[in-house]
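Chemist: Right, I'll just put the structure down here and ask away after.
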Amino acid sequence: MKFIFPQNYNFENKLFGIIDYNTAIANLLWYAIIFLFIQFFCNDLQTKIFIFILFCFPFFLISITGLNGENILYVFKYLLKFAYKPKLYFYTKD
């Protein structure tokens with residue numbers, strides 16, 4: 001079977017066909033940071049599980065569902081740029 005892809009088709013490798021590799025690595029780093037933080041400051045197992053799910057599950061959901069196909073790292077980059085230099089543009093019709 002031959003498949004024909006248009007030249008403007010953007011083919012990206014993804015882990016399990018869902019998450020791109022940059023986002024998967026960012027997720028793993030975030031999970032590791034949260035896990036280390038929890039290990040140092042919490043003693044109860046239920047509290048550890050609750051805090052880990054509270055901080056990691058929303059990030060996981062956002063990275064899987066995506067924001068209109070945009071990479072999660074780029075979205076955070078744009079958010080940080082906007083937080084550093086917020087600008088409001090008004091366009092008027094003539």
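The values are calculated or read from the model by the stated rules, or taken from the named source; none is laboratory data. Source: prediction; values computed, not measured. For neighbour counting, all protein chains shown are included, and Cβ atoms are generated from backbone atoms with ideal geometry for every residue, glycine included. Heads up: the accessible areas ignore ligands, DNA and RNA and are worked out on the full protein's heavy atoms, side chains in. Shrake-Rupley method; radii C 1.70, N 1.55, O 1.52, S 1.80 Å.
Chemist: Which order do D44, D20 take when ranked by solvent-accessible area (1.4 Å probe, heavy atoms of all protein chains), largest first?
Modeler: Result of the area sort, largest leading: D44, D20.
Chemist: Counting only the heavy atoms of the protein chains, how much of K14 is accessible to a 1.4 Å probe, in Å² to the nearest 10?
Modeler: About 90 Å², ignoring ligands and nucleic acids.
Chemist: For the pair E70 and F40, what calculated FRET efficiency results from E = 1/(1 + (r/R0)^6), where r is the Cβ-Cβ distance and R0 = 35 Å, to the nearest 0.05?
Modeler: FRET efficiency, F40 to E70: 0.55.
Chemist: Filter the chymotrypsin sites (Phe, Trp or Tyr not before Pro) in region 11-75 to those in DSSP coil with at most 14 other Cβ atoms within 10 Å of their Cβ, and list the result.
Modeler: Those that pass, being in a loop and sparsely packed, are F11, F16.
Chemist: Treating cross-link reach as a plain straight distance, find the lysines whose alpha-carbon is under 30 Å from the alpha-carbon of K48, omitting any fewer than eight places away in the same chain.
Modeler: K77
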